[in-house]
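Asker: Mind looking over this structure? Questions follow.
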Amino acid sequence: MGVGGLVSGSLLLGGFVAGLVVGSLYGLAALGLSIIWGILRVVNLSHGALIAMSMYLAYLLTVMHGVPLLASILLTLFIGFVVGVVAYYLFVHRVLGGPELASLLSTFGFGLIILGLLELKFGGIARTLPVESSVIEVGHVPIMTIQIIGAIVAAAIAIGAYVLIYRTWFGRAVRAVVMNQEAAALMGVNVTKILMLTFALGVLFATTAGTLLALAYSFTPETGSKYELYSFTIVVLGGLGNPLGSLIGGMILGVAEQLTSIVASGSWGPLVAFLLLIIMLVIKPTGLFAKL
Amino acid sequence: MTAILSVERLHTGYGKIPVLWDVSMQVEKGSITALIGSNGAGKTTTLRAIVGIIPAWKGRIVFAGEDVTKLPSYRRVEKGIVLVPEGRGIFPQMTVYENLLMGAYNQRARQKIQESLERVFNIFPRLRERLNQKAGTLSGGEQQMLAIARGLMALPRLLMIDEASLGLAPKLALEIMNLVKRIRDEEGLTILIVEQNVHYALNIADYAYVLETGRIRMEGPAKELAENPEIIKAYLGVH
Ligand SMILES: Nc1ncnc2c1ncn2[C@@H]1O[C@H](COP(=O)(O)OP(=O)(O)OP(=O)(O)O)[C@@H](O)[C@H]1O
Ligand SMILES: [Mg+2]
């Protein structure tokens, strides 16, 4: 550390880059929360548990069943999407359009089930994935190559989601459903299918982010709740349902967290997120970017 | 004459509350048929049941010889049953162009978007000039035109229009009515209209049904109904 509390410029540069890298993963996780919230009007309180689930799925496949890393990542994502589809019908479909509390309770309950199963099978010990990756240093801050790849993948997915929503038939149907569900049905849109796919896509984004985060960080069943808090912050920062807003909001949070960990300590991350959340809610509760 | 749409002894309602009792009606191919009746009679409910937004409790809906009663609305749209809803139901934050594309959402219509656009601009030239405007910022008349144009983009075989003239100045309402008639005359499209303004409706329709508190009270050729003393008294308001 810098002498007498001074932090060198290159360390700050390193922290900045590391923040962008990890922040794009936070952004992808938040996007999962954001599209479900923005489009189904459901605050998915199983979000963090689903992130944790994906981490343990990848762990189960690689460590306990010896599946090669890339294959187990892809398998995890596939399972994540299927879980999203099933969870939609079990926990979301029937509470749509009902009182807000119904969907909060039902997704919260679903999250508790996931967390209970994870505790039961894996206990609370921190786990890591067996990842071998070269490390590059940016201004004395080490960043794993695989994290950089993960960040690029996450950013590409967020941009892809933007294109999907604003430039395709599927996306137009999604926006139509948001604006006027009955009118969308009158255009021949299968509204239930659109809502189900949107939910599954949201879960897929969350589990993708979880899997990519697990490549670089250790995790316990509780880890998901930290990323859930981050996701809420980012949704408030970036605006509801806007993929690019989520990505940029994630990067802002990532940079804030990494810089804080350089000048103070890594454990300050959630506090920083919370502060950002409160500041945003006070000065611009609608987010920095337009919503969907 | 063959009926493209046949509603047979339809019962339906909302929740447990019945709204329609034993409604039967036929729409002849290539005709303009009007469904008239006072506020709350169940006209909108009838159209929503025909397109499948609400289910039929009893009875059948037969379209082009096929029983569609159990089909979800998106399948019925695919078959060509298209409703321009009361209140227009345009997508306000989408542009006029995106609204038109949404009209052509069904697979059959997607194949013909360019032709459909030309056809729609021919009828509603004003929309061409406003393609990139957000639909929510259009005037009421323009929104109604967009709603009908969007319905045409779906390549309907039966176009149902709920209250096309609602909230429009008389001159504009008349213009829209004449456009509806023109669409039928030029393209032979079958049209079912619901209208508050019974005078307008009977003027362009070939045949009409009168709905009162959920039941069909009267039916007949529009010209005859227009001269029927009961209709004149109840709906055409001689002062
Ligand atoms: N979504 C709904 N839920 C419950 N009841 C409804 C609903 N929509 C309509 N109704 C009721 O059904 C009855 C028929 O309504 P409907 O909208 O079909 O009438 P309408 O003939 O179209 O009237 P208007 O000329 O005012 O448009 C009314 O008593 C109305 O209150
Ligand atoms: Mg009505």
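Asker: 7 Å from Cα along Cα→Cβ at both A:Lys226 and B:Trp21: what's the point-to-point distance in nm?
Answerer: Simple spin-label model gives 6.7 nm for this pair.
Asker: If amide H atoms are built 1.01 Å from N in the plane of the peptide, which residues on other chains or at least 5 residues away come under 5 Å of the amide H of B:Thr95?
Answerer: B:Ala135
Asker: Could you list A:Val177, A:Val43 so that the one with the fewest beta carbons within 10 Å of its beta carbon is first and the one with the most is last?
Answerer: A:Val43, A:Val177
Asker: Could you give the length gained by full extension between A:Ala71 and A:Leu275, i.e. 0.36 nm per residue of separation minus their alpha carbon distance, to one decimal place?
Answerer: That pair, A:Ala71 and A:Leu275, stretches by 69.6 nm at full extension.
Asker: For segment B:76-152, what is one quarter of the convex hull surface built on the Cα atoms, given in nm²?
Answerer: With the hull built on Cα positions only, its mean projection is 4.7 nm².
Asker: Once label points are set 7 Å from the Cα along Cα→Cβ at both A:Thr168 and A:Ile79, what is their separation, rounded to one decimal in nm?
Answerer: A separation of 2.5 nm, rounded to one decimal place.
Asker: If you don't mind, there's one more thing I want to ask. Among A:Leu90, A:Ile157, A:Tyr56, flag the residue with its Cα farthest along the positive direction of the charge dipole of segment A:9-283, charges on Cβ as +1 for Lys/Arg and -1 for Asp/Glu.
Answerer: My answer, from the dipole projection, is A:Leu90.
Asker: Continuing with the same structure: Provide the packing ranking of A:220-227, B:174-181, i.e. peptides ordered by the mean count of other C-beta atoms within 10 Å per residue, highest first.
Answerer: A:220-227, B:174-181
Asker: Another question, then. Structure shown: which of B:Lys112/B:Lys181; B:Lys43/B:Lys112; B:Lys79/B:Lys233; B:Lys70/B:Lys223; A:Lys226/B:Lys134 lie over 29 Å apart, alpha-carbon to alpha-carbon?
Answerer: Where the Cα-Cα span goes over 29 Å, the pairs concerned are B:Lys43/B:Lys112; B:Lys79/B:Lys233; B:Lys70/B:Lys223; A:Lys226/B:Lys134.
Asker: Can you tell me which lysines have their Cα less than 18 Å from the Cα of B:Lys16? Leave out same-chain residues fewer than eight positions away.
Answerer: B:Lys58
Asker: Sort A:Ile143, B:Ile32 so the one with the fewest other Cβ atoms within 10 Å of its own Cβ comes first.
Answerer: The order, fewest Cβ neighbours first, is A:Ile143, B:Ile32.
Asker: For B:Lys58, B:Lys233, B:Lys43, what's the fewest-to-most ordering of other Cβ within 10 Å of each Cβ?
Answerer: Ordered by Cβ neighbours within 10 Å, fewest first: B:Lys233, B:Lys58, B:Lys43.
Asker: Continuing with this model, one more query. Local charge sum around A:Ser106 (other residues, Cβ-Cβ under 15 Å, Lys/Arg +1, Asp/Glu -1)?
Answerer: +1
Asker: Based on the Cα gyration tensor of segment B:1-76, what are the three equivalent ellipsoid semi-axes, each the root of five times an eigenvalue, rounded to whole Å and given largest first?
Answerer: Over the Cα atoms of segment B:1-76, the ellipsoid semi-axes are 19, 16, 10 Å.
Asker: Only Cα pairs within less than 10 Å get springs; with that Gaussian network setup on chain A, which residue of A:Leu20, A:Leu186, A:Leu229 has the largest fluctuation?
Answerer: Of the options given, A:Leu186 has the highest mean-square fluctuation.
Asker: Something else about it: Could you check what % of the DSSP bridge pairs in the protein assembly as shown are antiparallel, to the nearest 5?
Answerer: In the protein assembly as shown, DSSP labels about 60 percent of beta bridges as antiparallel.
Asker: What is the sum of charges around B:Arg9, taking Lys and Arg as +1, Asp and Glu as -1, for the other residues whose C-beta is under 12 Å from the C-beta of B:Arg9?
Answerer: +1
Asker: Provide a whole-number value for the mean count of partner chain Cβ atoms within 10 Å of the Cβ atoms in peptide B:176-187.
Answerer: Mean number of neighbouring Cβ atoms from other chains: 0.
Asker: What is the Cα radius of gyration of segment A:145-292 over 2.2 N^0.38 Å, N being its residue count?
Answerer: 1.16
Asker: Let me ask something additional. Amide H to amide H, which residues 5 or more places from B:Leu192 or on other chains are under 5 Å from it, using H placed in the peptide plane?
Answerer: Amide H to amide H, under 5 Å and 5 or more residues apart or across chains, B:Leu192 pairs with B:Thr33, B:Leu159, B:Met160, B:Ile161.
Asker: With Cβ to Cβ distances under 10 Å as the rule, what net charge do the other residues near B:Gly59 carry (K, R +1; D, E -1)?
Answerer: For residues surrounding B:Gly59, the net value is +1.
Asker: How high is the relative contact order of chain A, in percent, counting Cα pairs under 8 Å that sit 6 or more residues apart?
Answerer: 38
Asker: Return the long-range amide H neighbours of B:Glu212 (sequence gap of 5 or more, or a different chain), with a cut-off of under 5 Å between placed amide H atoms.
Answerer: Sorted by chain and number, the residues that satisfy this are B:Arg217.
Asker: Whole-Hz Karplus ³J(HN,Hα) for segment A:268-279, in order, using 6.51 cos²θ - 1.76 cosθ + 1.60 and θ = phi - 60°, x for Gly and Pro?
Answerer: 7, x, x, 5, 4, 4, 5, 4, 4, 4, 5, 4
Asker: Give me the three principal axis extents of segment A:56-112 from the C-alpha atoms, as integers in angstrom, largest value leading.
Answerer: Taking the Cα atoms of segment A:56-112, the three principal extents are 45, 18, 12 Å.
Asker: Right, something else. Normalise the Cα radius of gyration of the protein assembly as shown by 2.2 N^0.38 Å (N = residues in it) and let me know the number.
Answerer: That works out to 1.20 for the protein assembly as shown.
Asker: Which whole number gives the average count of other chain Cβ atoms within 10 Å of the Cβ atoms across peptide B:92-102?
Answerer: 3
Asker: In whole angstrom, note down how far apart the Cα centers of segment A:190-246 and segment B:81-157 are.
Answerer: 35
Asker: Give me the Kirkwood hydrodynamic radius of chain A in Å, from all C-alpha pairs, to one decimal place?
Answerer: This gives a value of 19.3 Å.
Asker: Take A:Val282 and A:Ser218, extend 7 Å from each Cα along the Cα→Cβ direction, and tell me the distance between the two endpoints in nm.
Answerer: 3.6
Asker: If you don't mind, there's one more thing I want to ask. Springs between alpha-carbon atoms under 10 Å, Gaussian network over chain A: tell me which of A:Leu164, A:Leu277, A:Leu212 tops the mean-square fluctuations.
Answerer: Residue with maximal mean-square fluctuation among A:Leu164, A:Leu277, A:Leu212: A:Leu164.
Asker: What per residue convex hull volume, in Å³, do the alpha-carbon atoms of chain B yield?
Answerer: Per-residue hull volume (Cα only) is 122 Å³.
Rule-based calculations on the coordinates, nothing more; no lab input. Nothing here was measured: the structure is a model prediction, and the numbers come from that model. Note that we place each Cβ from the backbone using ideal geometry, even for glycine, and neighbour counts take in every protein chain shown.
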